[in-house]
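Structure first, then comments.
The values are calculated or read from the model by the stated rules, or taken from the named source; none is laboratory data. Just so it is clear, the model here is predicted, and its values are computed rather than measured. Methodologically, a virtual Cβ is constructed for each residue, glycine included, from the backbone with ideal geometry; neighbour enumeration extends over all protein chains shown. Heavy atoms of the whole protein, side chains included, go into the accessibility calculation; ligands, DNA and RNA do not. Shrake-Rupley method; radii C 1.70, N 1.55, O 1.52, S 1.80 Å.
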Amino acid sequence: MKFFVLKRKWITGAACLIAALALVGLVNHPAIVGAAATTRQLPIYCVQRDQKVVAISFDAAWGNEDTQQLIDILGKYKVTATFFVVGDWVDKYPESVRALSEAGHAVMNHSNTHGHYPQMSSEEVIADLNACNDKVEQVTGIRPTLVRFPYGDYDDNSINAARSIGMEPIQWDVDSLDWKEIPASEIVQRVTGKVQPGSIVLFHNAAIHTPEALPTIIETLLQEGYTFVPISEILLDGDCTIDHTGRQCPA
């Protein structure tokens with residue numbers, strides 16, 4: 001019986017020693033931990049900026065009732081925005097796409113048919129992105145470098161597919177919720193209350209109350225010292241990382 005107890009203590013002690021050595025090995029070799037863990041890929045939601053800069057963006061997927069009105073409002077305040085357009089929308093409204101580009105706005109990719117990218121293979125995502133890029137380039141002469149995934153829906157596969165062809169996925173950290181047809185005053189309050197340096201704001205073309213809310217939003221942020229830039233100019237150059245919230249930061 002004494003031999004059994006001693007043997008059991010010896011086994012327990014050996015097991016603890018092995019566990020301790022394994023823990024030391026993991027601490028001294030963090031790459032082992034990294035290999036075991038999975039890191040989710042994220043698009044850029046906002047950017048770490050000290051300057052008071054903000055980028056406003058519009059998704060264009062359905063109607064076209066207010067595109068020229070938006071161009072006129074932005075032009076009045078000399079604000080350059082980023083429009084993410086669906087390839088099917090380019091097919092229907094090429095003159096509006098051309099007008100956006102000629103007014104100095106960035107015309108970027110919002111997919112070709114507004115499908116669900118997480119349900120697609122890498123090859124299908126790439127083909128869909130290129131189809132939209134081809135249409136935009138044909139109309140504007142400029143090939144998009146940024147993409148906003150339909151429905152704001154993405155997974156590692158769709159992000160890696162986009163980046164494999166040199167495109168950067170872009171989300172937003174300030175949602176106007178204009179697509180819900182909320183009153184203009186509520187849109188103004190939501191946007192101006194949430195913007196911070198480096199924010200990316202989401203609007204939609206053909207949203208009923210956006211043209212009414214936009215001038216007040218622009219005037220308020222200008223008074224607060226903000227400068228409006230297209231998304232490509234708010235992004236950081238050089239080595240960068242994207243933290244767990246989707247904020248692009250210097251490496």
### Summary
Within segment 78-112, residues in a loop (DSSP other than H, G, I, E, B), under 19 Å from the mean Cα position of the chain (by Cα) and of a type in the set (Val, Ile, Thr) come out as 80, 86
### Message
When you scan segment 220-231, do you find a residue that is touching an Asp or Glu at 6+ places or on another chain (Cβ under 9 Å) and hydroxyl-bearing (Ser, Thr, Tyr), even just one?
### Response
no
### Query
Among 152, 193, which is within 17 Å of the chain's Cα centre (by Cα) and either open to solvent by less than 20 Å² (accessible area, probe 1.4 Å) or not β-branched (Val, Ile, Thr) (or both)?
152
### Query
Which residues, taken from segment 29-53, are more than 14 Å from residue 170 (Cβ to Cβ), open to solvent by less than 60 Å² (accessible area, probe 1.4 Å) and at pLDDT 95 or above?
49, 53
## Note on the structure
Expected output for segment 196-223 (first residue under 23 Å from residue 247 (Cβ atoms) and of a type in the set (Asp, Glu), partner modelled with pLDDT of 95 or more and assigned to a loop (DSSP other than H, G, I, E, B), Cβ below 7 Å, 6+ apart or cross-chain) is none
### Query
Out of (1) crowded, with 23+ Cβ neighbours inside 10 Å; (2) out of contact with any strand residue (DSSP E or B) (no Cβ under 7 Å at 6 or more places or on another chain); (3) of a type outside the set (Phe, Trp, Tyr), the odd one out for residue 59 is which?
(2)
### Query
residue 251 versus (1) in contact (Cβ under 8 Å) with a residue 40 or more places away in the chain; (2) over 20 Å from residue 178 (Cα atoms); (3) open to solvent by 40 Å² or more (accessible area, probe 1.4 Å); (4) not basic (Lys, Arg): which is the lone unmet condition?
(1)
## Note on the structure
Considering residues that are buried (at least 22 other Cβ atoms within 10 Å of the Cβ) and closer than 15 Å to residue 202 by Cα, the number found within segment 80-104 is 5
#### Entry: Count of segment 89-118 residues which are over 13 Å from residue 136 (Cβ atoms) and not small (Gly, Ala, Ser)
8
### Task
Using the structure shown, decide if residue 221 is crowded, with 17+ Cβ neighbours inside 10 Å and under 17 Å from residue 105 (Cβ atoms).
no
## Note on the structure
Those residues of segment 113-144 which are part of a helix (DSSP H, G or I), closer than 21 Å to residue 101 by Cβ and either modelled with pLDDT under 95 or open to solvent by 20 Å² or more (accessible area, probe 1.4 Å) (or both) amount to 130, 131, 134, 135, 137, 138, 139, 140
### Query
Counting only residues that are of a type in the set (S, T, N, Q), in contact (Cβ under 8 Å) with a residue 60 or more places away in the chain and out of contact with any Pro (no Cβ under 7 Å at 6 or more places or on another chain), how many does segment 49-85 have?
3
